[in-house]
1. Look at region 62-95 and say how many of its residues are over 28 Å from Arg205 (Cα atoms) and either part of a helix (DSSP H, G or I) or touching a Phe, Trp or Tyr at 6+ places or on another chain (Cβ under 8 Å) (or both).
2. Take region 154-182 and flag every residue that is over 12 Å from Leu138 (Cβ atoms), out of contact with any helix residue (DSSP H, G or I) (no Cβ under 8 Å at 6 or more places or on another chain) and part of a helix (DSSP H, G or I).
3. Among the residues of region 92-132, count how many are of a type in the set (Val, Ile, Thr), surrounded by 14 or more Cβ atoms within 10 Å (Cβ to Cβ) and either within 20 Å of Ser195 (Cβ to Cβ) or in contact with a Pro (Cβ under 6 Å, 6 or more places away or on another chain) (or both).
4. Report whether or not Ala146 is touching a residue at least 60 places away in the same chain (Cβ under 8 Å) and surrounded by 24 or more Cβ atoms within 10 Å (Cβ to Cβ).
5. So is Pro30 farther than 20 Å from Leu6 by Cβ and either modelled with pLDDT of 95 or more or of a type in the set (Phe, Trp, Tyr) (or both) or not?
6. Among the listed residues Gly173, Gly105, identify the single one that is in contact (Cβ under 8 Å) with a residue 24 or more places away in the chain and not hydrophobic (A, V, I, L, M, F, W, C).
7. Inside region 139-161, can you point out the residues that are under 16 Å from Ala25 (Cβ atoms) and either modelled with pLDDT of 95 or more or in contact with a strand residue (DSSP E or B) (Cβ under 7 Å, 6 or more places away or on another chain) (or both)?
8. For residues that are within 13 Å of the chain's Cα centre (by Cα) and small (Gly, Ala, Ser), tally how many sit in region 120-153.
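The values are calculated or read from the model by the stated rules, or taken from the named source; none is laboratory data. Being a predicted model, the structure only gives us computed values, none of them experimental. Cβ atoms come from the backbone with ideal geometry, glycine included; neighbour counts cover every protein chain shown.
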Amino acid sequence: MALGFLTVLPVGRRAADKDSAWRWATAWFPVVGLLIGGGLYAVMAVPVPAVPRAALVLALWVGVSGGLHEDGWTDCLDAAFAPRSRARRLEILKDPHIGAHGASGLAILLLLRFAGLTAVPASAVVAAPVVGRWAMVLSLALATPARPTGLGARFAVSARPLAATLATATALGGLALVFPAGRLLAAWSLGAIASWACAVFLSRRFGGLTGDGHGAVGLAAELAALWAFLPWPASLGGPH
């Protein structure tokens, strides 16, 4: 169920209408992130220059989820920055059309991800999807649903934050045997901070989070985790 919902892979669809199938799906979100990261890592190994390689990785990163989270990101920005009442913002959130705020926000998000991908090591694309999907589970568990119905409310009821955290710790702990543990910890920490800030902002604008909001929280965490791997200049106190 988790793999079928978070990716375009045709799995888990037969059980989609069974409540029992959703019960533990969120516990597997970080594992799905690890699988996605494995695919991205393989593309990072393609022997081409950094800029076209970053474009390939970004295309796969967005395509593997069918743009599900990016769609939520644009919807949230269009609604959150609208100078309207909270009720009207929730109506805008359901509008499938993209406005100026959403288009601009999506362009900025993709630009920041692309820029990061040109400079980070391959390990970054393994860790970031894990952190992003863990952040979604936490926001599902802790944030108030903006609506009583919908995918966001349905997943919130069955959110398993402890199981997802254990899965994330196991995944990142295993990666620490191969990649620098300090960077992995920084990615997890920065991802947590970014997701918290995004969740608080959107919750104040909408009175809670919808499915789109949880997707936006995950993208904020992914971006922060990705940038945690950037090679900061020695003058700033970072590694060469």
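1. The number of residues fulfilling the criteria is 1.
2. Passing the criteria: Val157, Leu166, Ala169, Thr170, Gly173, Gly174, Ala181, Gly182.
3. Final tally of qualifying residues: 5.
4. Judged against the criteria, Ala146 is not a match.
5. no
6. Gly105
7. Within region 139-161, Ser139, Gly152, Ala153, Ala156 meet the criteria.
8. Final tally of qualifying residues: 5.
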